[in-house]
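Working notes, beginning with the structure itself.
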Amino acid sequence: MKVAQIEQEKRKIAETLREQVALEVLEFDATRREFQISQEVARRATVQHRLLEIDYRFSNQIDSVTYLNHLSQLDSQKADTYRAWARLRTRLARIQMMVLGSGE
């Protein structure tokens, strides 16, 4: 009787864990897409900044304030990308802990 009860509890725990892992994988996928979007936006912002820098250095069309504002925007975009990368790594670590255990 006890063995059957333990086996039933074991199956319930395994099913709950499978559901949690599946939900976490879905969240990971959404986080991965957000990171990829942020990464692409940062790439484009970097290219735009390089072009703006050329204008700033070799023409009188861009003043220092405009250049520095754009540089701050680029830094902000890069920071957003790093935060998205950190969220992605956190999601992956959660999945690994759920599937493989804590590694202790």
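The values are calculated or read from the model by the stated rules, or taken from the named source; none is laboratory data. The structure displayed is predicted, hence computed values, not measured ones. The area values use the complete protein model at the heavy-atom level, side chains included, leaving out ligands, DNA and RNA. Shrake-Rupley method; radii C 1.70, N 1.55, O 1.52, S 1.80 Å.
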Could you give the angle, 0 to 90 degrees to the nearest 10, between helix 2-58's Cα long axis and the longest principal axis of the Cα atoms of the chain?
10 degrees
May I ask for the angle, rounded to the nearest 10°, between helix 64-100 and the longest principal axis of the chain, with both axes built from Cα atoms and the value confined to 0 to 90°?
10 degrees
Of all accessible surface on the chain at a 1.4 Å probe, what whole percent is carbon and sulfur?
56 percent
Expressed in angstrom and rounded, the centroid-to-centroid distance over alpha carbons for region 1-19 and region 34-92 is 51 Å
